[in-house]
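Notes to accompany the following structure.
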Amino acid sequence: MGRRVARHAPLTVVFTALLAVLTAGAAAPPTQAPDPAAPPVKEPVATGYGGAVASVDADASAAGIEVLRRGGNAVDAAVATAAALGVTEPYSAGIGGGGYFVYYDAGKRRVHTIDGRETAPRSADAALFQENGKPIPFAEGVTSGLGVGTPGTAATWDAALAAWGSRPLAQLLKPAERLARHGFTVDETFRSQTRANEARFRDFPASAELFLPGGRLPEPGSVFKNPDLARTYAEIGRKGTRVMYRGAVARDIVDTVRAPEVREGATRVVRPGDLTLRDLATYETVRRQPTRVPYRGLDVYGMAPSSSGGTSVGEALNILEGTDPAGLSEAKYLHRFIEASRITFADRGRWVGDPAFEDVPVRELLSQRYADSRACLIRDDAVLTSPLPPGDPRAPGRARPRAGPRRRRTRARTPPTSPSPTGGATSSPTP
């Protein structure tokens with residue numbers, strides 16, 4: 001699996017981790033009204049003009065398209081789409097979380113990124129999720145104030161719009177505010193996600209009131225509304241994102257984290273967190289250089305750490321560089337792809353963390369020499385066993401290093417949004 005030497009003239013592309021499965025463009029409307037309970041039809045290709053938006057949700061994509069049709073640019077559409085995802089995809093998106101923003105300036109042929117992940121409270125240390133010297137159960141750590149960091153999403157929107165946007169945030173939040181107020185149609189995915197969290201929701205009165213209307217799971221085809229979120233978007237539109245970090249919303253966040261409201265009689269252990277108003281008031285996003293790897297004539301850009309997206313996908317592509325997809329069966333290519341991913345995730349777990357606390361060997365992880373040393377593990381007649389030992393990117397080919405203690409800031413995830421009209425492209429990868 002040697003490295004292919006010959007290359008075509010490079011084309012610059014924006015890497016989008018977690019490629020969205022639904023695309024929407026300026027295509028003709030359907031000939032008949034769809035069944036509201038049925039999932040939208042997913043098409044691999046959409047054709048149109050003037051721009052395109054891709055997200056996991058049709059309503060969120062429509063919010064981005066609305067912005068483009070009214071003259072907004074790619075960054076404007078990305079913010080509008082992300083805000084709408086906070087309504088329709090609350091299990092993986094929202095202003096209470098954080099994420100990344102990847103922007104391609106077509107005019108200058110440059111890729112820019114913003115790190116807007118959550119940060120742990122200033123008081124956090126290696127014992128954050130320990131009690132009496134022992135780790136607390138994972139589920140108890142997640143369902144607690146301990147698992148909450150300072151949200152970065154709103155600050156990321158601000159930073160992106162200030163640098164590259166063309167419309168005010170208040171205008172861009174309108175589609176999402178409208179969607180939250182009037183509701184969206186529940187599908188089976190939303191119901192199943194709610195079912196998976198039902199027991200937790202029942203222990204928190206405010207969550208139960210929202211997600212279990214009338215004490216029951218929402219039915220597919222019903223309309224789900226979030227009036228509190230609509231009011232919050234309206235408040236942010238009027239006063240700016242500072243309300244998330246210094247105003248009334250900030251105080252509500254801190255009060256809830258430090259004293260979670262649990263149902264009387266609940267047996268769940270819900271620990272308070274230590275988030276403070278100072279943590280929120282001092283939050284800042286970080287501009288980072290994107291990762292870049294060449295792959296079969298393309299330049300593939302991604303998000304650098306604290307994200308693992310750019311290094312992980314970059315390493316996997318480097319491992320696959322010597323594999324010509326056209327020369328393999330689908331099964332054999334997928335085998336190599338899966339094995340490359342397995343190797344990459346072993347290295348991800350050992351080497352990738354928050355660069356504020358970790359010395360992440362980005363250059364070495366993305367070197368072709370290291371990828372070639374790891375590609376030697378792949379055989380077409382065998383399957384690697386997980387967990388796979390990590391390699392050492394600083395010494396390719398040598399015995400793997402011992403895993404030392406890790407120090408990390410607590411972070412969580414948000415979903416991707418990737419509106420891309422003519423003249424620019426954006427994405428929000430999240431691994």
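Below is a table of values for the structure above.
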read-out: Amide H partners (placed H, <5 Å) of Thr291, local residues excluded; value: Gly302, Met303, Ala304
read-out: Cβ-defined net charge surrounding Thr113, 13 Å radius [Lys, Arg +1; Asp, Glu -1]; value: +3
read-out: About the Cα centre, charge dipole magnitude for the range 192-278 (Lys/Arg +1, Asp/Glu -1 at Cβ), debye; value: 320 debye
read-out: Gained length - Lys332 relative to Ala208, 0.36 nm times residue gap less alpha-carbon distance; value: 39.9 nm
read-out: Alpha-carbon centroid distance for the pair the range 146-161 / the range 210-252, whole angstrom; value: 16 Å
read-out: Chain lengthening between Tyr91 and Lys108 when straightened (0.36 nm per residue, less Cα-Cα); value: 2.5 nm
read-out: Ala248 versus Asn132: modelled label distance in nm, points set 7 Å from Cα along the beta carbon direction; value: 4.3 nm
read-out: Summed side-chain charge close to Lys332 - residues other than Lys332 whose Cβ falls under 12 Å, Lys, Arg +1, Asp, Glu -1; value: -3
read-out: Integer Hz, Karplus 6.51/-1.76/1.60 couplings in order for the range 388-397, x for Gly and Pro; value: 8, x, x, x, 10, x, 7, 9, x, x
read-out: Neighbour net charge for Asn132 - beta-carbon separation under 14 angstrom, K R +1, D E -1; value: 0
read-out: Peptides 385-396, 231-242 ordered by average Cβ neighbours within 10 Å, highest first; value: 231-242, 385-396
read-out: Gain in span if fully extended, Glu284 to Arg296, counting 0.36 nm per residue against the direct Cα distance; value: 0.6 nm
read-out: Charge dipole (the range 219-372, unit charges on Cβ, about Cα centre) - positive-most of Ala234, Phe224, Tyr283; value: Ala234
read-out: Test item: Cα-centred dipole of the range 80-127, Lys/Arg +1 and Asp/Glu -1 on Cβ, debye; value: 280 debye
read-out: In sequence order, calculated HN-Hα J values of the range 244-253 (Karplus, 6.51, -1.76, 1.60; Hz; x Gly/Pro); value: 6, 10, 9, x, 5, 5, 4, 5, 5, 4
read-out: Heavy-atom accessible surface of the range 75-230: percent carbon and sulfur, 1.4 Å; value: 52 percent
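The values are calculated or read from the model by the stated rules, or taken from the named source; none is laboratory data. What you are looking at is a predicted structure, and each value in this text was computed from that prediction instead of being measured. Methodologically, a virtual Cβ is constructed for each residue, glycine included, from the backbone with ideal geometry; neighbour enumeration extends over all protein chains shown. Only protein heavy atoms, including side chains, enter the accessible area calculation; ligands, DNA and RNA are left aside. Shrake-Rupley method; radii C 1.70, N 1.55, O 1.52, S 1.80 Å.
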